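So the structure is just underneath, and the comments pick up after that.
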Amino acid sequence: MRRRWLRIACAATLAVLALRAFAPGPASIRFEDIAGPAGLHFVTENCPTPEKHQPETMPAGVALFDYDGDGLLDIYLVNGAEMPSLVKTGPKYYNRLFHNNGNGTFTDVTERAGVAGNGYGMGVAVGDYDNDGRPDLYLANVNGNQLFHNNGDGTFADVTAKAGVGGGILRGRKMWSIAAGWFDYNNDGLLDLFVANYCDWDQAHEPPCIGLNGRGYCHPKSFAALPNTLYRNNGDGTFTDVSDETGIGAVQGKGMGVVFADYDGDGFMDVFVANDNSPNLLFHNLGGKRFEEVAFQAGVAYNEDGAALAGMGADFRDVNNDGLPDIWHTAIENETFPLFLNRGAGVFVNASQPSRIAGMTREMSGWSNGIADLDNDGWKDLFVARGNVMDNIEAVSRHFRYAEPNSVFRNLGNGQFEDVSATAGADFSRPAPNRGLAYGDLDNDGRIDLVITALGQPARVLRNVSENQNHWVLLKLTGTKSNRMGIGAQIRVTTDNGKRQYDEVTTSTGYAASSDSRVHFGLGGSAKVREIEIRWPSGIRQTIQNLMADRVVTVEEPAKSN
């Protein structure tokens, strides 16, 4: 009898193994570049010179936003300028705005819109600062920033001087700004502006840095750090620099990525700044009045060895569905890209090793990045635009390359990630000196798409063509008492199987980028959302029940909690 039972058990085991061997695994995450056939033609012109001026290796800005209110994401791409004048001397240096036609094509509307920009561009931030329902553009530049007000007729007006947000002044020169972001730090219903400044660089007095085979791009340690800038929205089209009175200006760094989230759940948005070769900064919001810098105490200033990294891009979202926003930022080769998990009580832990991110990223150089559910399985994935800083790295290294492939790490839902870049498609992984990346749903099909820029090469519009049966929902929030875009609203989604996910409304992502303000949730096999709970920046709580999946839903802030 025992032998017969063993034979049955063995046969059953073999049958299970056979089923597992032939059962389909998770559908791969895949992308196809549609830039060419879609009519989006753009090259990041960084104007490289033998003098290796520092900004040449760094322009990256990408924004995805619906500037004309037709429900489709348009694309704005930031460009460089001539060196060393830092002047856009011709159309090849223009920033470009591409209108989404809704049929898989885009039209260049830059000149009509009036958003070609001035100076040597770095980053872009999207926010509706006057609550008129039309998103505006703020440009972070090497030599003076710009604010473009959306007029609502397809054109923008440069209101920088009137608004008073042209950038900080240091010894008579505009500070070099790389990134910026909109958030309502005091919950008064008006979006305020945070500007991440990089370093004290003057093209007329640049240090003679010796690199590979002669002159090279200087190490960031060759330049002094700068304070960041916080502008408070006065509600009349003007802003006041409150950097000093809020404590933001008391700390210096070399800011490259700035992202926002309410990491301690007190109802006020906090600020994380990824710094280049200086400790990261985490500004804890003290009730909308002041900020305290707590990166060291929170565990996000350094890596696990206590070293400051070459921080580049960052994203600030909940990766493990525990309701607490986590931080993932990029760095350069031999450093790894830290994943800081929020454990509550104001403390983060570096989960780079147990999550396998450390081992997978140690040999990578990363710039802009993101956290989003690319396969709609209910778990947010990680992805990054990669490229070495040095354009002549191959002269001394047989291992590292200037052009690198991009990477995507699938969230396995068990605290670990898997590198699935090899199956993400040739268009995604084609090596290039990649820099910028923004993400959002360009065609409203429920799959998150990417736009990636590279120095001296065409931008890629990577349509997500992942095939699976997973469901999704895309939420567009409209504030009434809160700011019009709902930035800072905290959302909890419960699917019909009882699983929960969390996210916050923001546009600030990656390195010098602005992504879709609509909040995307992959729902896996759930065809219905049991409940959506929203905590608006105003404090109003809203609950929506029994919502069918696979749709874009506009949610307006109610007059009071329900």
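The values are calculated or read from the model by the stated rules, or taken from the named source; none is laboratory data. Quantities reported herein were computed from a predicted structural model and do not represent experimental measurements. Cβ coordinates were reconstructed from backbone atoms using ideal geometry, including for glycine residues, and neighbour counts include every protein chain displayed. Side chains are part of the model used for accessible areas, which takes the heavy atoms of the whole protein and leaves out ligands, DNA and RNA. Shrake-Rupley method; radii C 1.70, N 1.55, O 1.52, S 1.80 Å.
Collect the residues in region 201-240 that are of a type in the set (Ser, Thr, Tyr), more than 27 Å from ASP136 (Cα to Cα) and either buried (at least 20 other Cβ atoms within 10 Å of the Cβ) or within 23 Å of the chain's Cα centre (by Cα) (or both), keeping them in residue-number order.
Residue satisfying the conditions is TYR217 alone.
Which condition number does SER526 fail, the rest of (1) assigned to a loop (DSSP other than H, G, I, E, B); (2) open to solvent by 10 Å² or more (accessible area, probe 1.4 Å) being met?
Failing condition for SER526: (2).
When you go through ARG435, ARG401 one by one, which is the residue that is touching a residue at least 12 places away in the same chain (Cβ under 8 Å), within 28 Å of GLY80 (Cβ to Cβ) and open to solvent by 10 Å² or more (accessible area, probe 1.4 Å)?
Residue meeting the stated conditions: ARG401.
Take region 310-328 and flag every residue that is assigned to a loop (DSSP other than H, G, I, E, B) and either more than 20 Å from LEU437 (Cβ to Cβ) or not aliphatic (A, V, I, L, M) (or both).
Matches in region 310-328: GLY311, GLY313, ASP318, ASN320, ASN321, ASP322, GLY323, LEU324, PRO325.
Kindly indicate the residue of region 336-355 that is of a type outside the set (A, V, I, L, M, F, W, C) and crowded, with 23+ Cβ neighbours inside 10 Å and also farthest from the chain's Cα centre (by Cα) among those meeting that condition.
SER355
Please verify whether region 537-547 includes one or more residues that are open to solvent by less than 50 Å² (accessible area, probe 1.4 Å), of a type in the set (S, T, N, Q), under 30 Å from PHE337 (Cβ atoms) and touching a strand residue (DSSP E or B) at 6+ places or on another chain (Cβ under 8 Å).
Taking every residue of region 537-547 in turn, none turns out to be open to solvent by less than 50 Å² (accessible area, probe 1.4 Å), of a type in the set (S, T, N, Q), under 30 Å from PHE337 (Cβ atoms) and touching a strand residue (DSSP E or B) at 6+ places or on another chain (Cβ under 8 Å).
Working only within region 84-106, note down all residues that are among the aromatic types (Phe, Trp, Tyr) and not in a loop (DSSP other than H, G, I, E, B).
If the condition is that a residue be among the aromatic types (Phe, Trp, Tyr) and not in a loop (DSSP other than H, G, I, E, B), then TYR93, PHE98, PHE106 are the ones that fit.
Can you find even one residue in region 255-268 that is without any contact (Cβ under 8 Å) to a residue 60 or more places away in the chain, surrounded by fewer than 23 Cβ atoms within 10 Å (Cβ to Cβ) and charged (D, E, K, R)?
Yes, region 255-268 has at least one match.
In region 241-251, is there at least one residue being of a type in the set (A, V, I, L, M, F, W, C), part of a strand (DSSP E or B) and open to solvent by less than 10 Å² (accessible area, probe 1.4 Å)?
The answer is no; no qualifying residue exists.
Only one residue in ASP184, ASP153, ASP136 is acidic (Asp, Glu) and surrounded by fewer than 24 Cβ atoms within 10 Å (Cβ to Cβ). Which one?
Unique residue meeting the criteria: ASP153.
I'd like to check something: does region 478-500 contain any residue that is among the small types (Gly, Ala, Ser), buried (at least 23 other Cβ atoms within 10 Å of the Cβ) and not in a loop (DSSP other than H, G, I, E, B)?
no
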